[in-house]
Amino acid sequence: ISARYIERAFAMMEEHDIVVGPTEDGGYWLLAMHEPHESLFHEIEWGTNSV
């Protein structure tokens, strides 16, 4: 992950409450939030293809 991607994520946080950095395989490398959203992580089958 280059510094450019990190800088862009910080810039996007100025206009959005949540920023997600997707990966080419359908996952994500970044999940940034202004404040915690615990409900996003409830009842998730971690380590499966549905995450």
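For the range 21-51, the candidate set comprises residues that are part of a loop (DSSP other than H, G, I, E, B) and among the hydrophobic types (A, V, I, L, M, F, W, C); within that set, the residue that is nearest to A9 (Cα to Cα) is V51.
Suppose the filter is surrounded by 11 or more Cβ atoms within 10 Å (Cβ to Cβ) and either without any contact (Cβ under 8 Å) to a residue 40 or more places away in the chain or hydroxyl-bearing (S, T, Y) (or both); does H16 pass it?
Values: surrounded by 11 or more Cβ atoms within 10 Å (Cβ to Cβ): yes; either without any contact (Cβ under 8 Å) to a residue 40 or more places away in the chain or hydroxyl-bearing (S, T, Y) (or both): yes.
Yes.
Taking the numbered list (1) surrounded by 11 or more Cβ atoms within 10 Å (Cβ to Cβ); (2) hydroxyl-bearing (S, T, Y); (3) over 14 Å from the mean Cα position of the chain (by Cα) in turn, Y5 passes all entries but (3). Scanning the range 22-45 for residues that are hydrophobic (A, V, I, L, M, F, W, C) and over 23 Å from I1 (Cα atoms) turns up L40, F41, I44.
Values in this text are rule-based calculations from the coordinates and carry no lab data. Keep in mind it's a predicted model, so treat the numbers as computed, not measured. Positions of Cβ are backbone-derived with ideal geometry, glycine not excepted, and every protein chain shown enters the neighbour counts.
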